[in-house]
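Asks: Quick one: this structure, given as structure tokens, is what I'll be asking you about.
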Amino acid sequence: MGYALRSGHSLSTPSHALRPFTLSPRAIGEPEPNSDASSVNPLILRHQFSPSSNTRLGHVCGALDEHLRTIETALQVKIAHSHEKFKIDGNKTNATRALEILQALYERAAKPIPKEHVQLMLAGDSQMASADNVLLSSRRNEVRARTPTQALYLDNIAKHDITFGIGPAGTGKTYLAVASAVEALERNAVQRIILTRPAVEAGEKLGFLPGDLGQKVDPYLRPLYDALYELMGFDKVQKAFERSALEIAPLAFMRGRTLNNAFIILDEAQNTTPEQMKMFLTRIGFGAKAVVTGDVSQIDLPKGSPSGLVDGERVLRRVDGIAITHFTSKDVVRHPLVARIVDAYDKQRKAAG
């Protein structure tokens, strides 16, 4: 089936489509003066899925049309449907993109479609979300690279003794590093996992924290615990702590140590000083692997203090054995709005100079 555009061009669609249709001229507005008609000219696309399947249609739309609303918000289009007949209203580029995503979802709709899969398709990485793209497996979970940059990051971790993962929130930097560490521990490639981060408050003054040392630092390390619990399960995490196969500690506790046969992760590295970064990197011993993660747009150090992550990237970028992976908003795998938030703040920061 093809769908006709007012300009007379025809774009092909998958073989499951039923029949061609013609757009009504009254449904299409004229382009604004001095504008690109291909991007701003309103367009209505109609599509009928075949063979018709209520099960597939339900999976494509999601609960209470959740998937359709996600596509509408991300692409700024409007989607209406009656059974297998869909109508998409928006500018040419976005409406066409929305139809392509709906068609791809229908082809995979034999089973329920997770909302994360829809978000990945909107990010342009549907192939990375394929079930065949399993790169890491723990006893509890299978972890997949969801974007090409994530796949590169995992490959760098596997091939280098020190890997930097630098980019905005929600790109999977910490989670994938922890997943790599868990996988290495379970196949006995390392004897223990050490997770650390600087105890720097994110722009707030928390004051005195009650409890023993562990209770004082736990709030700063909670994201690392969350990743471990998801990948290993609560009971296995507790047992790993008991036999010292897992250690979570503030960065200051790394001074003076030599860490052999360990997988070490430094999270929130943008809040280290250059001296702390050098201290951390020189803790690495034989059979050890280190991953440093951080977001240079969220530095919480006192004003005027240089970031160890920024300094370390500059100093070490040409050192053999060290890999640096840069993530962008296109790699964000949280709510689609997060990527737009990241872009908005990046534009504001660049405009401010």
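The values are calculated or read from the model by the stated rules, or taken from the named source; none is laboratory data. Not measured: the values here are computed from a predicted model. Don't worry about glycine lacking a Cβ; one is built from the backbone with ideal geometry, like all the others, and counts go over all protein chains shown. These area figures cover heavy atoms from the full protein model, side chains too; ligands, DNA and RNA do not enter into them. Shrake-Rupley method; radii C 1.70, N 1.55, O 1.52, S 1.80 Å.
Asks: Any chance you could check the Cα centroid distance between the stretch 308-353 and the stretch 255-274 for me, in angstrom?
Replies: 20 Å
Asks: Per-residue accessible area for R46 at 1.4 Å probe radius, Å² rounded to 10?
Replies: Rounded to the nearest 10, that gives 100 Å².
Asks: Expected output is a single nm value to one decimal: the length gained when fully extending between E66 and A104, i.e. 0.36 nm times separation in residues minus the C-alpha distance. What is it?
Replies: Value of the extension gain: 12.0 nm.
Asks: Rounded to the nearest 0.05, what FRET efficiency do L57 and E142 give with R0 = 30 Å and r taken as the Cβ-Cβ distance? Could you check?
Replies: That pair, L57 with E142, gives E of 0.60.
Asks: What's the Cα-based Rg to Rh of the stretch 304-353, Rh via Kirkwood? Each step should come with its number before you reach the end.
Replies: Working: Rg = 14.4 Å, Rh = 13.3 Å.
Using Cα coordinates only, the ratio equals 1.08.
Asks: By how many nm would the segment from R257 to D218 lengthen if fully extended, with 0.36 nm per residue of separation less the alpha-carbon distance?
Replies: 11.9 nm
Asks: Between K330 and D235, what length comes free when the chain is fully extended (0.36 nm per residue of separation minus the Cα-Cα distance, one decimal in nm)? All intermediate terms of the calculation are to be shown ahead of the outcome.
Replies: Working: separation 95, 0.36 × 95 = 34.20 nm, distance 3.51 nm.
That works out to 30.7 nm of additional length.
Asks: Rounded to the nearest 0.05, what FRET efficiency is calculated for S50 and A80 with R0 set to 22 Å and r the Cβ-Cβ distance?
Replies: About 0.75, to the nearest 0.05.
Asks: Turning to a different aspect of this structure: For the stretch 269-325, what Kirkwood radius comes out of the mean inverse Cα-Cα distance, in Å? Could you put the intermediate results ahead of the total?
Replies: Values: mean 1/r = 0.0834 Å⁻¹.
Hydrodynamic radius (Kirkwood, Cα pairs) of the stretch 269-325 is 12.0 Å.
Asks: Loop-only chymotrypsin sites (Phe, Trp or Tyr not before Pro) in the stretch 242-294, please: DSSP not H, G, I, E or B, and at most 15 other Cβ atoms within 10 Å.
Replies: In loop regions of the stretch 242-294 (DSSP not H, G, I, E or B), the sparsely surrounded chymotrypsin sites (Phe, Trp or Tyr not before Pro) are F286.
Asks: Moving on to the next point. Taking each pair of different alpha-carbon atoms in the stretch 218-257 once, compute 1/r for the pair, average those values, and report the inverse of that mean as the Kirkwood hydrodynamic radius in Å to one decimal.
Replies: It is 11.0 Å.
Asks: Roughly what would the spin-label model give for A158 and D226, points 7 Å off Cα along C-beta, in nm?
Replies: 2.8 nm
Asks: For the stretch 223-309, list log₁₀ I(q)/I(0) at each q in 0.14, 0.15 Å⁻¹, using the Debye formula over Cα point scatterers of equal strength and ignoring solvent, two decimals each.
Replies: Each listed q corresponds, in turn, to -0.57, -0.64.
Asks: Between Q191 and K115, how many nm apart are label points set 7 Å from Cα along the C-beta direction?
Replies: It is 4.5 nm.
Asks: Same structure, new question: Over the stretch 281-353, what percent of the accessible surface lies on carbon and sulfur atoms, probe 1.4 Å?
Replies: 55 percent
Asks: Between E242 and Y345, what's the calculated FRET efficiency when r is the beta-carbon distance and R0 is 41 Å? Round to 0.05.
Replies: 0.45
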